[in-house]
Every structure is written in structure tokens, then in C-alpha cells.
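Comments concern the structure below.
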Amino acid sequence: MPTVFVSTWPDTGLPCVRRASESYSENQDLLRACEDGLIEVEMDPRFQAIGYGGLPNSDGEQELDAGIMDGRNLEAGAVCSVRNIVPVISVARHVMQDTTHVMLAGDQAMRFALSKGFKPRSLHSRNSLEKYENWRKDKHEAEVAHLVHDTVTIVGREDPGHVVAACSTSGLAWKLPGRVGDSPIVGGGFYADDEAGAAGATGVGEDIWRFMLSFRAVEFMRAGMTAQEACDRAVAMMVSRKPKTREHVSAVFAVSKAGDWGAAASKDGFVAWTSVDGKYESYEIRGAP
Ligand code: SD4
């Protein structure tokens, strides 16, 4: 049965699944592969909703959120509102492995990162500074940049049925300082359980969190649905209960413990990248009917 990675958005998805797949070939370590895939895109300043070069909050500061979950034992680690540290997915991994907690927040999460040897740095790139200055001059830009989607979520699956989910983001551009979205929330932005499968989400964090899209998709797989059926059902519930969720793209994608995968979205525009046994492909996901 296949080794599968699925990740998010046209520009970020390929480098993420490619790095994850290479890392997996080198180490046969699924957790590390998912972490490595996210590090690759966090450290690349071209991507505007994650890590270094992510678009900042309304104060001009990046506040990063990330989380990771191991389907073998339901261990999870997450950080939210972390400033001046990358890669935050690795800080989340330390929370999972070195503490008894699931999430650390803000300055205290940063202190924890420093204690683990991370070095503080500015997260601005020339692009993020320029975009922020433009937004301050003309808040109309908010409309445009709000829709920049580079949040990267990844799910991975290996034989005989082990799954991992992980996510990293700088969140919505120009967000209120202190705002946290779905991405670091276990069950919101990501979830993994070897008894069913793994799921991840991206889009409007408030909607994804309200509907716990990742947890919902995993629970539908537990009840016997394929990954595609589980994602379709989770999104169908969201758009019918709250039709306004169709105004922006919110997506959930999943891989089952058997290795089938699927994705669904509230609106056209989501792209998923996959690596199935090291072969890369992208898929445009149509909005819910
Ligand atoms: C958030 N879900 O913070 C993230 C944003 C996102 O692509 O996915 N952008 O709400």
C-alpha cells in the first residue's frame, strides 16, 4: 500500500510534499518527513502566509501558529502567536516530545524555543515589509492580501497504516494582534489517528475551527467512509449549516489508514499536491455543490 503525502496550495504544496518525500526516503521517519516538508516552506520568503516572510498582523508583526500530531499514540504539540522564531513547526514538535503539554502560546512559547536553542530573528522579508506599508497606506489592500493562501498543512501515511498531520501558518494577513486561527488547534487545522486516518485544513480559520473540519473528517473515516467521502461530508455540513462559509475558500483534505486520499472545499480555488510513492501531482478541488 502506498506512502502518501498531501499538502496545500499551488505554490507551496509541491516543495512541501517533495521535501517530505525525500526526507522519508532518507530516514523512513513519517513525523520527521512532515516536519521537514513544513520547514522547507517556512524558511522560504516567497511564501506569504507562513514562516519567514509571512504577512504580519495589523501591528506589522508576524505571529506564527503551528501544530503536529502523531496518529500512533495521539501525541500532539502546538504553538500559537509566536514572534521572531522559525521554524515554528519544530518548536511544536519539541512541545510534543519534551513536555507533557499540547500547546504553548506567545512570548512563553518563544522563551521555550530559546531554551531549545532557537535563535530570535526578524521574520520580515522585503516583500512582507512592502506589503505591510502598502496596507497601512491603503487598507483596501486588506481585501486582496487577506486572500493570500500559503498556509501549509500536510498529512502523511506509511505502511502498514500509520498517519501524521502537521500545519504551519502566519495566519490571516493584517489580523488583530493575538488572533489565533485553526492551524495550531488539534482537530481544527489538523488531526491524526492510526485507527482511522489523518486530515488537515486551510482557509478561513474561524470557519474551520467552528466546524472542527479535521476532526470531523477523521471521525467520518472512522465510521467507514473513504477519505473523499469524509471530506465531502465535513464540508457539506459546514456550508449547509452556515452558508456564508461559501464566500471564501476553506478546505479539508485527508488520507485514510488504508492510503486513499481526498479533499473538499467550500468554494472553487483550492489546490492539493500529493506525493504517492514519490510521484508528485496537483489537483484543483471544486467548491462544494
Ligand atoms: C488561519 N487557516 O489562520 C489559516 C489561514 C490559511 O491559507 O489557511 N491560509 O485562519
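Every read-out reported here was derived from the displayed coordinates using simple, explicitly stated rules and does not represent laboratory data. This one's a predicted model, so the numbers in the text were calculated from it and none came from an experiment. As a convention, Cβ positions derive from the backbone with ideal geometry for all residues, glycine included, and neighbour counts pool all protein chains shown.
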Given backbone amide H placed at 1.01 Å from N, residues whose amide H is under 5 Å from that of Glu75, ignoring those fewer than 5 places away on the same chain, are Asp70
Relative contact order of the chain (C-alpha contacts under 8 Å, at least 6 apart) in percent is 22 percent
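If each residue of separation counts as 0.36 nm, what is the full-extension length gain between Lys279 and Asn134 once their alpha-carbon separation is subtracted? Each step should come with its number before you reach the end.
Values: separation 145, 0.36 × 145 = 52.20 nm, distance 4.01 nm.
Gain in length upon complete extension: 48.2 nm.
How high is the relative contact order of the stretch 114-268, given as a whole-number percent (alpha carbon pairs under 8 Å, six or more residues apart)?
Values: 306 pairs, mean separation 28.8, N = 155.
So the answer I get is 19 percent.
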Binning at 5 angstrom from zero up to the longest distance, how are the C-alpha pair distances of the stretch 180-266 distributed in percent? 3, 20, 31, 24, 15, 6, 1
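So, counting K/R as plus one and D/E as minus one, what does the shell of residues with Cβ under 11 Å around Leu31 add up to?
On the way: positive: Arg32, Arg72, Arg93; negative: Asp29, Glu35, Asp36, Asp70, Glu75, Glu158.
Its environment carries a net charge of -3.
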Can you compute the radius of gyration and Dmax for the chain, using only the Cα atoms, both in Å? 17.2, 54
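How large is Rg over Rh for the stretch 12-130, taking Rg from the Cα atoms and Rh as the Kirkwood inverse mean of 1/r across Cα pairs?
Working: Rg = 14.1 Å, Rh = 14.5 Å.
We get a ratio of 0.97 for the stretch 12-130.
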Once you've got the GNM for the chain with C-alpha springs shorter than 10 Å, pick whichever of Leu30, Leu74, Leu38 has the biggest mean-square fluctuation. Leu74
Expressed as a whole-number percentage, the relative contact order of the stretch 1-49 with C-alpha contacts under 8 angstrom and at least six residues apart is 32 percent
Arg241 versus Arg210: modelled label distance in nm, points set 7 Å from Cα along the beta carbon direction: 1.0 nm
Distance between the C-alpha centers of the stretch 208-222 and the stretch 233-249? Whole Å please. 13 Å
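Let me check I've understood the local charge: for Ser266, count other residues with C-beta under 13 angstrom from its C-beta, Lys and Arg +1, Asp and Glu -1. What total comes out?
Details: positive: Arg210, Arg241, Lys242, Lys244, Arg246, Lys267, Arg286; negative: Glu206, Asp207, Asp232, Glu247, Asp268.
Here the count lands on +2.
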Once phi is turned into θ = phi - 60°, what whole-Hz ³J(HN,Hα) does the Karplus curve with 6.51, -1.76 and 1.60 give for every residue of the stretch 185-197, x standing for Gly and Pro? 9, 4, x, x, x, 6, 6, 8, 8, 4, 6, 9, x
XL table Lys131/Lys175; Lys139/Lys267; Lys116/Lys175; Lys139/Lys175; Lys242/Lys267; Cα-Cα > 19 Å flagged, in table order, is Lys139/Lys267; Lys116/Lys175
Intensity falloff of the stretch 94-191 expressed as log10 I(q)/I(0), Debye formula with alpha-carbon point scatterers, at q = 0.15 Å⁻¹: -0.83
